[in-house]
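K.L.:
Please see the structure below; I have some questions.
The values are calculated or read from the model by the stated rules, or taken from the named source; none is laboratory data. Here the structure is a predicted model, which means the values were calculated and not measured. Reconstructed Cβ throughout: ideal geometry from the backbone, glycine too, with neighbour counts over all protein chains shown. In case anyone asks, the SASA skips ligands and DNA or RNA and just uses the protein heavy atoms, side chains included. Shrake-Rupley method; radii C 1.70, N 1.55, O 1.52, S 1.80 Å.
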Amino acid sequence: MTTTPGEKTPVTLLGLGAMGTALARAWLAAGHPLTVWNRTPARAEPLAAEGAKVAGTAAEAVAASSLIVVCLLDDASVEETLAGTDLTGKDVVDLVTGTPAEARDRAAWAEERGARHLDGGIMAVPPMIGVPEAGGYVFYSGSRELFEEHEATLAVPAGTRYVGEDAGFAALHDVALLSAMYGMFAGVAHAFALIRREDIDPVAFAPLLGDWIGAMAGASVGQTARQLRSGDYTTGVVSNLAMQVAGTPTFMDTAAGQGVSPELLAPYFALMRRRLDVGSGEEDLTGLVDLLVHEG
Ligand code: NDP
């Protein structure tokens, strides 16, 4: 299916959950001919009223456009949904959150069926879709040529960041960022637990915590990256490992004093201690990265 200049690329979208529905609305608002399918048909009804063509089956939806965007729950639901469709000559953009291995396997699976495949990892929540100023974006990996061919269409719902030919890289970037987020959530949970039983207003405490996390992340992420690249973990250090390890009893004793479980902090402190035992007290915390990576 080819489009003439000025014509918007037709899109087929499989999956109308919270994210799929937001994507659908963004493409409809931008004037793309849109065919949608959802396992539970009722979810497609509002979109039909907004101009989407609703397919009765996934196979019909796939037949309607060259560009097939998949936004289902998980990789298993992608296989289940696409299994009975003819993917020959189709371009499949898989926005389902999954592991790098799933993305690589799904790319090979799609290619065996005559399709080209691009994997995506969405760094946004549904209210950020179609709202460029919200800053949401999607990581893409797979064929650069394929990405560039569809870049303008893919940029309609959210920004695009192409991260490499390896089909697994979008998922890897996605999971890496979300993993850092969970580490941050762990620290936030511990901090609120420390003040929980005191006469401290959590709402007044929140901006102190938020600003501190932002400042610390801003300072440390780039420094860690530069040290990992150079292999020199001792240049530019302002808070050395020996000093930080010496400070850990303060945190453990404060947690105990406040009646707070140290279970979120303790593993990180144990890693700091292990690095001190095998590394140098003059280092930054960068050496912890190496301790986490299994010999391969
Ligand atoms: P929802 O739970 O809202 O929707 C899930 C969708 O998957 C529905 O369309 C559902 O169909 C469909 N589905 C589930 N199982 C099957 C199956 N076996 N066969 C066919 N269809 C199936 O999820 P979201 O829309 O929020 O998320 C979709 C993807 O986007 C996920 O991979 C998620 O990780 C990712 N994502 C979501 C974000 C968010 O904040 N929502 C943020 C970033 C990524 P039915 O309506 O019939 O149940």
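K.L.:
Only sites in a loop by DSSP and with at most 10 other Cβ atoms within 10 Å count here; which trypsin sites (Lys or Arg not before Pro) in the stretch 177-257 make the cut?
P.N.:
Arg197
K.L.:
What nm value, rounded to one decimal, do you get for the distance between Gln244 and Ala29 when each label is placed 7 Å out toward the C-beta?
P.N.:
4.2
K.L.:
Using 0.36 nm per residue of separation minus the Cα-Cα distance, give me the extension gain between Val293 and Glu133 in nm, one decimal.
P.N.:
53.9 nm
K.L.:
In 5 Å bins starting at 0, how do the alpha-carbon pair distances of the stretch 171-296 split up by percent?
P.N.:
Percent of pairs per bin, in order: 2, 9, 15, 20, 22, 16, 9, 5, 1, 0, 0.
K.L.:
Only Cα pairs under 8 Å and at least 6 apart count here; give the relative contact order of the stretch 196-292 as a rounded whole percent.
P.N.:
So the answer I get is 35 percent.
K.L.:
Can you send over the carbon and sulfur percentage of the accessible area for the stretch 154-296, probe radius 1.4 Å, protein chains only?
P.N.:
On the way: 5590 of 8920 Å².
Solvent-exposed carbon and sulfur of the stretch 154-296 make up 63 percent of the total.
K.L.:
About the Cα centre, and with charges only on the beta carbon of Lys, Arg (+1) and Asp, Glu (-1), how big is the dipole of the chain? Nearest 20 debye, please.
P.N.:
380
K.L.:
As an exercise, take the mean of 1/r over every pair of distinct alpha carbons in the chain, invert it, and state the Kirkwood radius in angstroms.
P.N.:
Kirkwood radius, the chain: 22.1 Å.
K.L.:
At R0 = 35 Å, how high is the FRET efficiency between Gln258 and Thr234 if r is their beta carbon distance? Nearest 0.05 is fine.
P.N.:
0.50
K.L.:
Return the FRET efficiency for the residue pair Asp105, Ala225: r is the Cβ-Cβ distance, R0 is 25 Å, and the value is rounded to the nearest 0.05.
P.N.:
Working from the Cβ atoms, E equals 0.25.
K.L.:
Also, I was wondering about something else. Expressed in nm to one decimal, what extension gain is obtained for the pair Glu149 and Ala266 from 0.36 nm per residue of sequence separation less their Cα-Cα distance? Mind dumping the intermediate values first?
P.N.:
Details: separation 117, 0.36 × 117 = 42.12 nm, distance 4.85 nm.
Roughly 37.3 nm would be gained on extension.
K.L.:
Shifting gears a bit: Could you work out which residue, out of Ala22, Ala204, Ala191, moves most in a Gaussian network model of the chain, that is, has the largest mean-square fluctuation with Cα springs under 10 Å?
P.N.:
Evaluated over the chain, the most mobile residue of the options is Ala204.
K.L.:
Can you work out the accessible area per residue across the chain, with the rest of the protein chains kept in place, probe 1.4 Å, in square angstrom? Can you show the working numbers first?
P.N.:
Details: 15960 Å² over 296 residues.
Heavy-atom accessible area per residue stands at 54 Å².
K.L.:
Which percentage, to the nearest 5, of the DSSP beta bridges contained in the chain is antiparallel?
P.N.:
20
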